[in-house]
Amino acid sequence: MKFGIAGAGFSGAVLARELAEAGHSAVVYDSRDHIAGNCHTERDPDTGIMIHRYGPHIFHTGNERVWDYVNGFGTMQPYNHRVRSTVGGRVYLLPVNLLTINQLFGTTLNPAEAKEFIAEQADDSIDEPRNFEEQALKMMGRRLYEAFFEGYTRKQWGLPPTQIPASVLKRLPLRFNYDDSYFNHPYQAIPRDGYTAIVANILDHPSIEVRLSTPYTPAEHDDYDHSIWTGPLDAWFDYRHGRLGYRTLDFEEIRAEGDFQGCSVMNYGDLDVPFTRISEHKHFAPWEEHEGTVAFREFSRLAEEDDIPYYPIRLADDRTLLDQYLQAAAEEPRVTFAGRLGTYRYMDMDVTIAEALSAADQIKSAIAGGEKIPALFNN
């Protein structure tokens, strides 16, 4: 079969490669002038630093298949992500761990004492948290929540934490030791040559053609046996039911000599600081040395029509609208919707790759069995 694939990020690239390896052909389109989507990396011409053009991306996973897969297309350098947070004129460690607790409360608690102390801070009147704020109050109490999560969350999502799902906070750990590694996964790394090089190697197959600066439209759809859409779900339907909500990011560049902030990411939890964090990109490649430095302040806001969508908001108010699009997607002939934007879900890179591999397995199985190719996966 001949597949038309919209989007040259990880979802589109992995699906194209898996289908090409199975004997099919694919033409991959992207409206931007580069591959790798929001994971795109490039060398800064002045400093030589590898820049994560659309914000930091740290690869972390416990999925053996995904880990083996990405290592088949490039060298993954071990990288342990650590984050700091400036709140109230002081710097703390994140995620919240034993040192964070002792710093904030001015204590010298050991792990057992800290567990008991935080249990006393937590709001045990909350049985089933209905939103982000209730999840935080039940998990850690008001002071930790207000210091590290309330202001940052309001800036990141542009909404009161009472309107944000509890599941958003459940992704973050609360530790009672001094471990300050941001992720718990056994495999944590960044590609030595950047994510774009990994995606380029995935797309390097004689049965794959890539067309950049070329949007995928219904006219292209007519040229293929089947389409795979990894762009915004509502965009495929020309927003017929209205626009789904997305957050986007604006970046303010900082250039300096030496070391600007001493770490890769510094969060800013205070509401009177307009940006959410500063990322200094030389620290994402500690195996390299650079005299200069490049950092970016990140400002989060609601995406408008011409903005690059980063995060599907997916709140309760969007559910009715989303259900309309999911129903339309399920009924759309010869189209499969995939990836973070195509299924309107927040997913880390490893989950994106895992779902693309699984989707490719199901597509190949459907073709072999003469069955209809599924329109949606795991939504």
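Which percentage, to the nearest 5, of the DSSP beta bridges contained in the chain is antiparallel?
Given both bridge residues lie in the chain, the antiparallel proportion sits at roughly 65 percent.
If the convex hull of the alpha-carbon atoms of region 115-244 is projected onto planes in all directions, what is the mean projected area in square nanometres? If you can, show how the numbers build up before the last one.
Details: hull surface 54.6 nm².
Across all orientations, region 115-244 yields a mean hull projection of 13.7 nm².
Semi-axes of the equivalent ellipsoid of region 86-166: what are they in whole Å, largest first, if each equals the square root of 5 times a C-alpha gyration tensor eigenvalue?
On the way: eigenvalues 96, 60, 12 Å².
They are 22, 17, 8 Å, listed from largest to smallest.
For A20, what charge total do you get from the other residues with a beta carbon under 15 Å from its beta carbon, if Lys and Arg give +1 and Asp and Glu give -1? Walk me through the numbers on the way to the answer.
Values: positive: K2, R17, K364; negative: E18, E21, D204, E209, D225, D361.
Here the charged neighbours net out to -3.
Could you let me know the centre-to-centre spacing of region 212-277 and region 38-64, using Cα atoms, in angstrom?
15
How far is the Cα center of region 81-106 from the Cα center of region 349-379, in Å?
Between the Cα centres of region 81-106 and region 349-379 lies a distance of 42 Å.
Can you list residues from other chains, or at least 5 along the same chain, whose modelled amide H is less than 5 Å from the amide H of T336?
S227, I228, W229
7 Å from Cα along Cα→Cβ at both A330 and D222: what's the point-to-point distance in nm?
Label at A330, label at D222, 2.9 nm between them.
Between M1 and R43, what is 0.36 nm times their sequence separation minus the Cα-Cα distance? Round to one decimal in nm. Before the final figure, lay out the partial values.
Details: separation 42, 0.36 × 42 = 15.12 nm, distance 3.70 nm.
Full-extension gain reported as 11.4 nm.
May I ask you to derive the FRET efficiency for E253 and R143 from their Cβ-Cβ distance with R0 = 35 Å, giving the value to the nearest 0.05? Working shown, then result.
Numbers: r = 35 Å, r/R0 = 1.00.
My answer for the efficiency is 0.50.
If you add up the charges near G342, with Lys and Arg at +1 and Asp and Glu at -1, over every other residue whose beta carbon is less than 11 angstrom from its beta carbon, what do you get?
Values: positive: R340, R345; negative: D234, E355.
Local charge sum for G342: 0.
What residues from region 278-300 fall in the zone where the backbone N is under 19 Å from a label point 7 Å along the Cα-to-C-beta line of R192?
Answer for region 278-300: 282-290.
With just the Cα atoms of region 8-112, tell me how far they stretch along each of the three principal axes, in Å, largest first.
Computed over region 8-112, the largest-to-smallest principal extents equal 63, 38, 22 Å.
For the chain, what relative contact order do you get, as a whole percent, if you take Cα pairs closer than 8 Å and at least 6 residues apart?
About 26 percent, as a whole number.
How much accessible area per residue does region 76-122 have, counting only protein heavy atoms and a probe of 1.4 Å, in square angstrom? Write out the running numbers ahead of the final one.
Values: 2170 Å² over 47 residues.
For region 76-122, the per-residue accessible area is 46 Å².
Projected area of region 176-325, taken from the Cα convex hull and averaged over every viewing direction, in nm²? Walk me through the numbers on the way to the answer.
On the way: hull surface 58.2 nm².
The Cα convex hull of region 176-325, projected and averaged over all directions, gives 14.6 nm².
Label points 7 Å out from Cα along the Cβ direction at S125 and T108: separation in nm?
For S125 paired with T108, the spin-label model returns 3.6 nm.
Which number comes out as Rg/Rh for region 158-198 once both Rg and the Kirkwood Rh are worked out on C-alpha atoms?
Details: Rg = 15.7 Å, Rh = 13.8 Å.
Rg/Rh: 1.14.
Compute the FRET efficiency between K372 and H185 as 1/(1 + (r/R0)^6), taking r as their Cβ-Cβ distance and R0 = 35 Å, and round to the nearest 0.05. Working shown, then result.
Values: r = 35 Å, r/R0 = 1.01.
For K372 and H185, the calculated efficiency is 0.50.
If each residue of separation counts as 0.36 nm, what is the full-extension length gain between Q163 and V91 once their alpha-carbon separation is subtracted?
On the way: separation 72, 0.36 × 72 = 25.92 nm, distance 2.81 nm.
Additional length available on full extension: 23.1 nm.
Just the Kirkwood number for the chain, please: inverse of mean 1/r across all distinct Cα pairs, in Å, one decimal. Please report the intermediate quantities before stating the final value.
Details: mean 1/r = 0.0449 Å⁻¹.
Kirkwood radius, the chain: 22.3 Å.
Loop-only check: which trypsin sites (Lys or Arg not before Pro) in region 236-278 are DSSP coil with at most 10 other Cβ within 10 angstrom? Provide the component values of the computation, followed by the final result.
Values: sites: R240, R243, R247, R255, R277; in loops: R240, R243.
For trypsin sites (Lys or Arg not before Pro) across region 236-278 that sit outside H, G, I, E and B with at most 10 neighbouring Cβ atoms in 10 Å, the list reads R240.
Compute log10 of I(q)/I(0) for region 229-315 with the Debye formula, placing one identical point scatterer on every Cα and leaving out solvent, at q = 0.12, 0.15, 0.21, 0.25 Å⁻¹, to two decimals.
One equal scatterer on each Cα of region 229-315 leads to -0.52, -0.71, -0.97, -1.17.
Under the Kirkwood approximation applied to all pairs of distinct alpha-carbon atoms, what is the hydrodynamic radius of region 1-57 in Å?
Working: mean 1/r = 0.0796 Å⁻¹.
Kirkwood radius, region 1-57: 12.6 Å.
If you stretched the chain out fully between R301 and D204, how much longer would it get, using 0.36 nm times the residue separation minus the C-alpha to C-alpha distance? Let's see the in-between values first.
On the way: separation 97, 0.36 × 97 = 34.92 nm, distance 3.58 nm.
Contour length minus the Cα-Cα distance gives 31.3 nm.
Tally Lys/Arg at +1 and Asp/Glu at -1 over every other residue whose Cβ is under 10 Å from the Cβ of A8; what's the total? Can you show the working numbers first?
Values: positive: R32, R211; negative: D30.
So the environment of A8 carries a net charge of +1.
Take a quick pass over the chain and tell me how many lysine pairs come in under 27 angstrom between Cα atoms, counting only ones 8 or more apart or on separate chains.
9
The values are calculated or read from the model by the stated rules, or taken from the named source; none is laboratory data. In this text, all values refer to a predicted model and were calculated from it rather than measured experimentally. Note: ideal-geometry Cβ built from the backbone for every residue, glycine included; neighbour counts use all protein chains shown. The accessibility values were calculated without ligands, DNA or RNA, using every heavy atom of the protein model including side chains. Shrake-Rupley method; radii C 1.70, N 1.55, O 1.52, S 1.80 Å.
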